[in-house]
1. Give the range A:45-81 a look and list any residue that's open to solvent by less than 30 Å² (accessible area, probe 1.4 Å), under 39 Å from the mean Cα position of the chain (by Cα) and more than 20 Å from residue A:91 (Cβ to Cβ), or say none.
2. Considering only the range A:475-489, how many residues are more than 10 Å from RNA strand B (Cβ to nearest atom) and without any contact (Cβ under 8 Å) to a residue 24 or more places away in the chain?
3. Among the residues that make up the range A:71-78, is at least one of them more than 9 Å from RNA strand B (Cβ to nearest atom), assigned to a strand (DSSP E or B) and without any contact (Cβ under 8 Å) to a residue 60 or more places away in the chain?
4. How do the helices (runs of 4 or more DSSP H) wholly within the range A:225-310 filter down when requiring 1 or more residues that are among the basic types (Lys, Arg): which remain?
5. Could you tell me how many of the residues in the range A:363-388 are away from RNA strand B (no atom under 15 Å from the Cβ) and among the aliphatic types (A, V, I, L, M)?
6. Looking at residue A:446, is it outside the structural domain of residue A:524 (by TED's automatic domain parsing) and either open to solvent by 40 Å² or more (accessible area, probe 1.4 Å) or among the hydroxyl-bearing types (Ser, Thr, Tyr) (or both)?
7. Here are A:98, A:112, A:90: which of them is part of a loop (DSSP other than H, G, I, E, B), at pLDDT 90 or above and surrounded by 14 or more Cβ atoms within 10 Å (Cβ to Cβ)?
8. Among the residues of the range A:444-474, which ones are near RNA strand B (Cβ under 6 Å from one of its atoms) and farther than 26 Å from residue A:561 by Cα?
Amino acid sequence: MKSSIAQLVEQAINSLPDLAEAPEVSSISTTVERTRDARHGDFMTNIAMRFAKSLGRNPREIAAAIIDKLPESELIDKVGIAGPGFINFHVSSKALHHALASVLQQGKCYGHQEIRPEPRILLEFVSANPTGPLHVGHGRHAAYGATVGNLLEAAGFKVDREYYVNDAGRQMDILGVSIWLRLLEQSGVTISFPEAGYKGDYIQDIAASLDISGMPKLSADEISSGLPADAPEGDKEEYIDALIEKGHELLGIHHFQRIRRQSIDSILADIEDDLAGFGVTFDRWFFEQSLTDDNLIDNALTILKERNMLYEKDGATWFRATDYGDEKDRVVVRDNGKTTYFAADIAYHDDKRKRGYDHLLDILGSDHHGYQVRVRAGLEAMGYGGDNLEVELIQFVTLYRAGEKQSMSTRSGEFVTLRQLREEVGNDAARFFYVMRSNDQHLDFDLELAKSRSNDNPVYYIQYAHARVASVFRQLQDRSLQYDQAAGIANLALLEKIHEKSLMTTLTRFPEVIELAANNRAPQHLVHYLRDLANDFHTYYNAHTFIVDDDALRNARLALITATRAVIASGLAIIGVSAPDSM
RNA sequence: GCGCCCGUAGCUCAACUGGAUAGAGCACUGGCCUUCUAAGCCAGUUGUUGCAGGUUCGAGUCCUGCCGGGCGCGCCA
């Protein structure tokens with residue numbers, strides 16, 4: 001509806017040579033927006049004012065000229081000039097009825113755009129290190145990423161979802177050592193557990209489940225001999241690095257790697273299961289280790305070297321990140337010969353582009369904000385456009401229980417894992433609350449509210465609207481009446497109550513909301529919209545009876561609430577929330 | 001110290017990328033329940049958009065400087 005009006009305005013402008021052919025305004029595109037205030041009509045455009053600015057003419061005169069040339073359309077009831085030069089449009093009832101009929105005809109597809117082959121988007125999100133179960137912060141990444149993916153698809157983009165698994169590097173060695181030590185403990189060999197090790201209960205569980213066939217038997221003395229002191233007397237990092245060395249030495253690289261691999265696999269399986277249970281799935285799990293195995297890091301560094309983007313200093317290899325706006329140059333190969341995480345990320349993003357993705361959308365924690373400049377610099381140095389990379393940052397989550405801030409520390413014993421949150425408040429409330437706020441705002445997650453089964457809880461309020469429609473149809477059946485949709489569509493003109501117009505208008509906004517939310521990677525727009533829609537429905541429900549004796553009116557009303565149910569279901573599906581028929 | 005993000009009603013947050021009189025929910029006040037679900041309903045009140053300038057027809061939104069909060073500033077990932 002919005003784009004149709006924009007087209008009308010453009011046709012009018014094109015028939016006005018002094019506007020259409022003026023070079024000053026060639027870059028000005030026609031934008032039509034919903035009015036904020038219903039008294040101004042349904043849609044408005046500020047095009048006349050923007051033309052006026054560039055041309056130095058009177059905006060109201062330009063507006064009048066545009067209105068004069070506006071093609072006849074049954075979409076529009078009334079057009080007017082207001083204020084400094086706004087053009088306001090009042091949509092006709094007929095247009096609303098057309099829109100409603102198309103909701104019913106399109107069903108699940110309503111509001112979804114045609115698939116466009118380009119650009120292909122690669123959406124990377126969560127990508128939490130496989131060192132333990134996901135916590136509530138990762139939950140926000142999962143819910144946000146999944147919803148943005150759904151929104152982009154609804155907006156017509158081809159999008160693949162990917163999880164980058166940091167299975168290489170020192171953190172994984174620390175994980176391996178932690179599990180190895182617990183394993184020894186369980187067989188009666190006790191070594192003081194490192195301060196820097198992973199201490200969670202899940203480490204014990206994984207240790208107990210490991211396949212250790214063929215591994216050498218070791219004594220505590222063998223392992224402890226020659227180790228430096230752990231914190232607080234010594235340095236905890238030195239201590240754990242020494243333990244890793246020891247593990248390699250005594251167990252042999254092969255067995256140490258076996259423990260490490262099994263540990264990662266076990267944790268990753270748990271993460272995948274948790275996310276799947278949360279309705280979040282990926283097209284691919286990309287392993288950092290594969291970059292090394294397939295020589296992708298070396299290849300990328302070779303290219304950078306050929307382009308003279310690298311130099312040697314202090315025994316390390318540096319990338320000229322400052323040439324691309326970063327605040328300092330970055331190390332890609334350490335003086336010990338190992339490549340950095342950043343080097344891997346250059347190769348990873350290069351690989352994404354090589355796999356045919358035009359637009360790389362990374363969802364990162366807000367603590368990584370400095371990192372995006374570096375990755376973009378890497379991409380540009382590899383010969384890609386900097387705008388191929390888009391980073392969306394997610395702010396932190398704070399849990400509140402009865403107004404009390406919950407400690408996020410692992411020690412507190414309060415739930416901190418995503419799984420615990422899901423079990424306590426349910427997937428629906430969790431998915432909904434996670435995307436209720438703008439991603440660049442801190443999220444205060446109210447546990448009591450998320451669990452409450454009252455209209456204060458926006459999830460229930462919206463789901464209840466859906467269930468209520470189903471309930472009306474059950475009533476209809478109880479009264480042995482049939483819903484005739486064709487008759488309903490034929491009689492939409494009977495829907496002239498203020499609540500009916502309001503509900504129809506809200507339904508016509510759905511495609512615009514999808515587009516807005518997708519373009520801005522902002523699921524909260526959809527959340528707010530669904531609340532508005534549910535509110536319009538409940539208000540209508542309270543004001544009027546749907547199952548009336550008059551067949552024509554009843555079918556028209558049932559058509560309206562059927563469309564409402566479809567849009568609520570469609571919107572909730574994008575957020576990953578169920579649409580129940582009864583509650 | 002430098003960089004990025006944030007600051008909107010008593011509370012939690014919107015505001016379609018510069019539009020008209022800044023909106024929702026909660027809370028608060030008054031009225032309402034023989035109804036397709038009271039798991040409520042209807043109506044009302046709520047503002048120096050952190051502060052001070054600037055840009056223009058128009059600024060919560062853009063620019064500058066302060067104040068306050070978060071995060072970052074590794075040869076960690």
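The values are calculated or read from the model by the stated rules, or taken from the named source; none is laboratory data. Keep in mind it's a predicted model, so treat the numbers as computed, not measured. With ideal geometry, Cβ positions are generated from the backbone for all residues, glycine too; neighbour counts draw on all protein chains shown. Surface accessibility is based on the protein's heavy atoms, side chains included, excluding ligands, DNA and RNA. Shrake-Rupley method; radii C 1.70, N 1.55, O 1.52, S 1.80 Å.
1. Scanning the range A:45-81 gives a single hit, A:51.
2. Final tally of qualifying residues: 4.
3. Yes, there is a match, as at least one residue in the range A:71-78 is more than 9 Å from RNA strand B (Cβ to nearest atom), assigned to a strand (DSSP E or B) and without any contact (Cβ under 8 Å) to a residue 60 or more places away in the chain.
4. Helices (runs of 4 or more DSSP H) meeting the threshold: A:236-251, A:253-277, A:296-306.
5. Qualifying residue count for the region: 3.
6. When the stated conditions are applied, residue A:446 passes them.
7. Testing whether each residue is part of a loop (DSSP other than H, G, I, E, B), at pLDDT 90 or above and surrounded by 14 or more Cβ atoms within 10 Å (Cβ to Cβ) leaves just A:112.
8. Once the filter is applied, which keeps residues that are near RNA strand B (Cβ under 6 Å from one of its atoms) and farther than 26 Å from residue A:561 by Cα, the range A:444-474 yields only A:444.
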